[in-house]
Every structure is written in C-alpha cells, then in structure tokens.
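Here, each number is a calculation from the coordinates, and none is a lab measurement. Owing to the predicted nature of the structure, the values given are computational and were not obtained by experimental measurement. Please note: Cβ atoms are built from the backbone with ideal geometry, for glycine as well, and neighbour counts cover all protein chains shown.
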Amino acid sequence: MQLAEGIQRHGFRKWYERQLLRSHAHLVLTLFSVLGLMGALEAASRFHTWQDQLTDALALLASAGIGLWSLRRYLYLLSHAEYVANQARCPACATYGRFTLVGAPSAEPPVRVCCRQCQHRWSIDA
C-alpha cells in the first residue's frame with residue numbers, strides 16, 4: 001500500500017501501526033525459517049541415501065532463501081516506517097501524527113500534508 005493511500009484510508013497512526021505489524025510478521029517468518037534451517041542441518045547427518053540428501057538440501061536452500069528474503073523485508077519495512085514517522089511532527093507546533101493529506105493522493109514520493117492543529121503545510125518523503 002502506498003503511503004498517501006494508506007494515510008488517507010486509515011490515518012497516519014493506524015498506517016504506522018500496520019507497517020510495524022507487517023514488518024514484525026516478517027521477523028517471525030525469519031525465526032521460523034531459522035528453525036527450519038536448523039532442522040534441515042540436523043537431518044543432514046541422519047540421511048544416507050542420495051534421494052534423502054537431495055530432499056534435505058532442497059529444504060535447506062528453501063529455508064535459507066525464505067529467511068534471507070524475510071529478514072530483508074523486515075528491515076526495509078521497519079526502516080521505511082521509521083523514516084516516515086520521523087517526518088510526522090509538525091514543524092510549526094510540534095504536534096505528532098495529526099495531519100491530513102492536501103489534495104488527492106499521488107504515487108509521487110513527496111506527500112503534502114496539513115497539520116490539524118495549526119494548519120501548517122509540509123511535505124513527507126516516502
């Protein structure tokens with residue numbers, strides 16, 4: 001979901017909460033893939049036929065690939081949410097996260113917002 005679309009649909013605080021939940025769900029997936037990787041490594045010492053070893057090697061590669069992807073996704077989502085959250089304070093009155101979008105939401109990176117308290121306008125980079 002794009003930043004402007006998410007803020008318009010849910011508000012900034014709910015958007016931020018959802019981004020954090022999504023990122024931490026990827027962290028849980030990373031932990032599960034580490035458990036799968038450890039299980040595949042343990043099973044590698046017990047199998048002696050080449051079919052079992054091939055199956056174990058595929059499980060090991062799949063666990064490692066999913067783990068790397070989910071860790072990378074976790075770090076991206078978390079850093080993006082924090083980057084946007086650091087810009088959510090009104091420069092004029094220092095009110096945090098209480099703003100509305102100015103104009104229609106666009107896919108362009110700078111999102112124009114207006115403070116609900118003092119009506120000051122500023123841009124948030126995505």
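The table below gives the values:
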{"read-out": "Residue list for segment 84-95, filter: without any contact (Cβ under 8 Å) to a residue 40 or more places away in the chain and within 17 Å of Asp125 (Cβ to Cβ)", "value": "Asn86, Gln87, Arg89, Cys90, Pro91"}
{"read-out": "Segment 70-120, subset part of a helix (DSSP H, G or I) and of a type in the set (Phe, Trp, Tyr), residue farthest from Leu29 (Cα to Cα)", "value": "Tyr83"}
{"read-out": "Number of the condition not met by Ser123 [criteria: (1) in a strand (DSSP E or B); (2) polar (S, T, N, Q); (3) touching a His at 6+ places or on another chain (Cβ under 9 Å)]", "value": "(3)"}
{"read-out": "Filter result (within 19 Å of Arg72 (Cα to Cα), in contact with a Lys or Arg (Cβ under 9 Å, 6 or more places away or on another chain) and in a helix (DSSP H, G or I)) within segment 1-29", "value": "Arg22, Ser23, His26, Leu29"}
{"read-out": "Identity of the residue in segment 2-55, among the aliphatic types (A, V, I, L, M) and without any contact (Cβ under 8 Å) to a residue 12 or more places away in the chain, that ends up surrounded by the most Cβ atoms within 10 Å (Cβ to Cβ)", "value": "Ala25"}
{"read-out": "Segment 90-108, residues that are surrounded by 12 or more Cβ atoms within 10 Å (Cβ to Cβ) and under 16 Å from Leu3 (Cα atoms)", "value": "Gly97, Arg98, Phe99, Thr100, Leu101, Val102, Pro105, Ser106"}
{"read-out": "Residue within segment 35-42 that is under 20 Å from Val113 (Cβ atoms), of a type in the set (D, E, K, R) and part of a helix (DSSP H, G or I) present", "value": "no"}
